[in-house]
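The values are calculated or read from the model by the stated rules, or taken from the named source; none is laboratory data. Computed from a prediction, not measured in an experiment: that's the story for all the values here. Glycine gets a Cβ as well: all are built from the backbone with ideal geometry, and neighbour counts include every protein chain shown.
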């Protein structure tokens, strides 16, 4: 009989408004062999009392207090307490579909260690979903449908933070939550990539992701764009930067300027190219911006980081680089 325990890691802080619906969705799971490791991150509302009430009714819900502060320390606390052979995540303001755990557990058990079980996600909100979140949902689900999530790892977080499942041994091998690097879910995605875990494709929506104004990813500085770029820079220089080749930085908007600063802070030399006539020829951070057509020597086989946000311009750059027989994720990388 299949009765492997799934440990669900769930930090929570001040989510009493949504917590009951979340816990009810966990209790409604068709797969019964789970434990919910709920870690209170210093809530100031009645969230802790609500989880305590649920835990007295069902011992599979286990309540802990964060041994430190913040979601990373809460996740460390949860992982340390986890007794299951498989581990998953849950956000305390979201909702699981009834067969989420069963579907992911079956896929992971068949595939074995070295894999990540995933599910499609769907945002919901009382005030409607913004275009940005809707685009992210569509992009992420498109990757998950084929299981090729890591192929676009430098654009956004490619693993849905509350909708994955792995063997605990694999999670520990990743060094999950070992460092205080935010956003923690994006850092974990790169760690899973480093550990060579394979994504299992999924065709089913398993998780409903709630969006609202005070959501942490909207309000915390740990989830600002510059934090994402810091993580991208760290792992790009660690894994994909070929120091024998010149590096081109495309774009001089907000992301381009931040990326330039991060490269300089990491003592990484680069050439800065831009097709905006108002910017070319000027210096930013002591680096001169040049038009790519006139400046680039393609015989030197440069690598490129593209920070241009405009979709039409991205397509033009991609077509331009593809025409030179350059390969994405080897020769050029989209950081947006």
Residue list for the stretch 291-313, filter: crowded, with 17+ Cβ neighbours inside 10 Å and over 19 Å from residue 243 (Cβ atoms): 292, 306, 307, 308
Hey, residue 265 surrounded by fewer than 16 Cβ atoms within 10 Å (Cβ to Cβ), out of contact with any strand residue (DSSP E or B) (no Cβ under 8 Å at 6 or more places or on another chain) and at pLDDT below 95 or not: no
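Residues checked against (1) over 28 Å from residue 182 (Cα atoms); (2) in the same structural domain as residue 177 (by TED's automatic domain parsing); (3) under 26 Å from the mean Cα position of the chain (by Cα); (4) surrounded by 16 or more Cβ atoms within 10 Å (Cβ to Cβ):
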| position | (1), (2), (3), (4) |
| --- | --- |
| 11 | no, yes, yes, yes |
| 16 | no, yes, yes, yes |
| 22 | no, yes, yes, yes |
| 40 | no, yes, yes, yes |
| 53 | yes, yes, no, no |
| 58 | yes, yes, no, no |
| 67 | no, yes, yes, no |
| 71 | no, yes, yes, yes |
| 76 | no, yes, yes, yes |
Elements of type helices (runs of 4 or more DSSP H) in the stretch 224-336, at least 1 residues being closer than 21 Å to residue 149 by Cα: 225-235, 311-323
Matching entry among 178, 170 (being more than 21 Å from residue 307 (Cβ to Cβ) and not in a helix (DSSP H, G or I)): 178
Qualifying strands (runs of 3 or more DSSP E) (wholly inside the stretch 84-157; at least 1 residues being more than 15 Å from the chain's Cα centre (by Cα), touching a residue at least 40 places away in the same chain (Cβ under 8 Å) and surrounded by 19 or more Cβ atoms within 10 Å (Cβ to Cβ)): 86-89, 115-118
Cross-chain or 6+ apart pairs with Cβ under 6 Å, the stretch 179-191 first and assigned by TED's automatic domain parsing to the domain that holds residue 161 and under 14 Å from residue 160 (Cβ atoms), then modelled with pLDDT of 95 or more and assigned to a loop (DSSP other than H, G, I, E, B): 185/157; 186/157; 188/176; 189/157; 189/158; 189/159
Qualifying residue in the stretch 171-179 (condition: modelled with pLDDT of 95 or more, within 14 Å of the chain's Cα centre (by Cα), crowded, with 20+ Cβ neighbours inside 10 Å and over 16 Å from residue 107 (Cα atoms)): yes
